[in-house]
Ligand code: ADP
Ligand code: MG
């Protein structure tokens, strides 16, 4: 009809659409997040406008509705937000208004391929992701405070039309005519899963129409955005269970807001128990990244893998919503957030470690994971070392490096450790006899990682950490506390004979000061893998 105006996108936007459709997002389902995010933004903007203009007031039951229609093969999103007038439809959807198409294309041409997604993120073109799943998009909008409505429509091929329309209330309807290969997005259950995953914590409720009935699509409010004083322990626990898929109570809850140069809110939990799915199997931190409440990814590596047991959410204002994975890896904002979040977690663990009884369950559940940091993270080795707890040959319960050092003999230079599979067996080991006889304490380590980290973290506060199975035979500086009645037998005749008999199996046979009750023990060379490491290497077939 005559009232329909035709506009062309211009060559650059045509190319841009192509790029968005084919290269922007690795996951197609993201179109729904972008459209729900826009709808929620529009509702937020109307709510904000209503603060100064009563005519903009939102209806009491403001919500975003998602309506699939299989017969018509359309998906409709409807919101009571601020809406768009004719010019805004043309500006916001018809051009890359704020930045300018030309500037955008130029940056795109100048950028290396791996930098392109980040550019798209900065230029805010989330709306176009609708064309990943739809071959025609119609947007009918009425701006709040106006009676006029307009429909913007496009097939994403270089043209769009604008025509007068009617809409009973202010707000926006977006109708997607789905591509033949995108019909899965007309399944209510599929839509529900996507919305739950990406948008469960936006402030506006989202509903879905399923079998003619309207059902809640999201249930969450963004709990982390509430002030700490307004959140009950039950709410924290329920939220923890939801994000961590857990059934226990959190051992620690960290809820804080960073302000100033870097703005983010974080709500993190340390679980009360080791989860069923052993944390050893997962390698990456699953802490969720949100941008303005909207879920972005749980693969941003917000914490290092040695803190991967920490669960929760970090929500920031400082990243664009349609930030891509590729951009996440490169952006300095995220690097700074990571550093701040890690520092907070470490300082919380440090504080909680002062209460030995309260710290023990945490240590038992996650100590082995934390110890991986000694191997991996040179920068934080010292902080981690102070969080470690050990079994000991001389004291009950758990002890720390600092406590050990305080108990060291005046002329003792090294921290002695013995690594094996089982603490009880280590306590009875012949390796320890000579140390026990001289009142020297040995730390007993039985986690899998204990075979590895001493190689990289080999001294605590200047005291070398020494595996007692590694040569280190010289205990002459220490007087035995139990006086030995019998003088050592004369071994001069025996040693050469033993050496000859065992020549294929051991490199040397020596008299030792380290034995009290046992007759012999195996010892590793002073330099090279200790006995536990040799056992592991043998098991691994080397
Ligand atoms: P961004 O959201 O990053 O600005 P988009 O491409 O997602 O980029 O959207 C472009 C613009 O279109 C938005 O900034 C907004 O002004 C407008 N817009 C999109 N969807 C809606 C909506 N449902 N209601 C009102 N305005 C909208
Ligand atoms: Mg958007």
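The values are calculated or read from the model by the stated rules, or taken from the named source; none is laboratory data. All figures in this text were calculated on a predicted structure; none of them were measured in a lab. Virtual Cβ from ideal backbone geometry, glycine too; neighbours counted across all protein chains shown.
Pairs meeting the criteria (first residue in the range 126-150 and on the phi > 0 side of the Ramachandran plot, second residue more than 16 Å from ligand 2 (Cβ to nearest atom) and modelled with pLDDT under 95, beta carbons under 9 Å, at least 6 apart or on different chains) are 145/49; 145/53; 145/55; 145/56. Residue 314: part of a helix (DSSP H, G or I), in contact with a strand residue (DSSP E or B) (Cβ under 7 Å, 6 or more places away or on another chain), modelled with pLDDT of 85 or more and buried (at least 16 other Cβ atoms within 10 Å of the Cβ), yes or no? Taking the combined requirement at face value, the residue does not satisfy it.
In the range 320-343, the residues that are more than 19 Å from residue 307 (Cβ to Cβ) and within 16 Å of ligand 2 (Cβ to nearest atom) reach residues that are in a helix (DSSP H, G or I) and at pLDDT 75 or above with C-beta atoms within less than 7 angstrom, at least six apart or across chains, in these pairs: 321/37; 321/126; 322/34; 322/126.
Wholly within the range 172-286, which strands (runs of 3 or more DSSP E) include no fewer than the required count, namely at least 2 residues that are under 21 Å from the mean Cα position of the chain (by Cα) and modelled with pLDDT of 90 or more?
Result: 250-258, 264-271.
Yes or no, residue by residue, for (1) surrounded by fewer than 18 Cβ atoms within 10 Å (Cβ to Cβ); (2) within 16 Å of ligand 1 (Cβ to nearest atom); (3) under 24 Å from residue 283 (Cβ atoms); (4) at pLDDT below 95:
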{"site": "310", "(1), (2), (3), (4)": "no, no, yes, no"}
{"site": "322", "(1), (2), (3), (4)": "no, yes, no, yes"}
{"site": "326", "(1), (2), (3), (4)": "yes, no, yes, yes"}
{"site": "330", "(1), (2), (3), (4)": "yes, no, yes, yes"}
{"site": "334", "(1), (2), (3), (4)": "no, no, yes, yes"}
{"site": "340", "(1), (2), (3), (4)": "yes, no, yes, no"}
{"site": "343", "(1), (2), (3), (4)": "yes, no, yes, no"}
{"site": "351", "(1), (2), (3), (4)": "yes, no, no, no"}
{"site": "355", "(1), (2), (3), (4)": "yes, no, no, no"}
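In this structure, does residue 438 turn out to be within 20 Å of residue 523 (Cβ to Cβ) and surrounded by fewer than 21 Cβ atoms within 10 Å (Cβ to Cβ)? Criteria met by residue 438. Considering each residue of the range 189-200 in turn, none proves to be surrounded by fewer than 17 Cβ atoms within 10 Å (Cβ to Cβ) and more than 22 Å from residue 294 (Cα to Cα).
I'm trying to understand the selection: among the residues of the range 70-82, which are assigned to a loop (DSSP other than H, G, I, E, B) and within 15 Å of ligand 2 (Cβ to nearest atom)?
Listed by number, the residues that qualify are 81, 82.
Residues in the range 48-60 that are free of Cβ contacts under 8 Å to residues at least 12 places away in the same chain and assigned to a helix (DSSP H, G or I) were compared, and the one that is surrounded by the most Cβ atoms within 10 Å (Cβ to Cβ) is 50.
Within the range 118-155, the set of residues being more than 36 Å from the chain's Cα centre (by Cα), at pLDDT below 95 and buried (at least 17 other Cβ atoms within 10 Å of the Cβ) comprises just one member, 154. Can you spot a residue in the range 345-353 that is within 13 Å of the chain's Cα centre (by Cα) and part of a helix (DSSP H, G or I)? Yes, the conditions are met somewhere in the range 345-353.
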